[in-house]
Amino acid sequence: MGLILISLLRSLIPTLIVELYLAAALRVHSGKDLLVIALANILTNPIVNYCYYWAIYLFSEHSVYTWLILLALEVFAVVTEFVIYRFLLSYDRIGKLKLSLLLNGASFLFGLLLTLLLQL
């Protein structure tokens, strides 16, 4: 159980850093809005990563099934966070769906890049 928690935190912490930094760069300045973004990630990130780890366990890391599951999990995260933002964020400089897509896309790409760099 401890290794799972450490692994989930290793994913959540960089996600929070990237998404909150990008949100601030997109002029999300309200403390409440930044808290909502953080809490939305605390909800979705562990679910996505836990299910992804199971997919790797069941199919292997490079299986097409694992990549399809990862795609579905990322769509889940974008949609879930969009719904949360729609009802709880006051920020509306860009659409809330676009905000969810940008934040999740940035943290996904950062995680992918970090994974690739650590494998070198």
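Some points to look at:
- Cα-based helix-to-principal-axis angle, 2-25 vs the chain, degrees rounded to 10: 30
- Computed on the range 27-111, with alpha-carbon pairs under 8 angstrom and 6+ residues apart, the relative contact order is 33 percent.
- All Cα-Cα distances of the range 38-120, cut into 5 Å bins from zero to the largest, leave 3, 14, 21, 24, 18, 11, 6, 3, 1 percent in each bin in turn.
- Most mobile listed residue (Phe82, Phe59, Phe108) in the chain, GNM with C-alpha springs under 10 Å: Phe59
- Overall Cα dimensions of the range 2-81 - principal axes, largest extent first, Å: 42, 27, 17
- Kirkwood hydrodynamic radius of the range 33-75, from inverse mean 1/r over distinct Cα pairs, in Å: 11.0
- Between 0 and 90°, nearest 10: helix 96-118 axis offset from the chain longest Cα axis: 40
- DSSP loop trypsin sites (Lys or Arg not before Pro) with at most 14 other Cβ within 10 Å: longest gap in the chain: 28-92
- Per residue solvent-accessible surface (Å²) - the chain, probe of 1.4 Å: 64
The values are calculated or read from the model by the stated rules, or taken from the named source; none is laboratory data. The structure presented is a predicted model; accordingly, all values stated were derived computationally and were not measured. Every residue, glycine among them, receives a Cβ derived from its backbone with ideal geometry; neighbour counts consider all protein chains shown. In case anyone asks, the SASA skips ligands and DNA or RNA and just uses the protein heavy atoms, side chains included. Shrake-Rupley method; radii C 1.70, N 1.55, O 1.52, S 1.80 Å.
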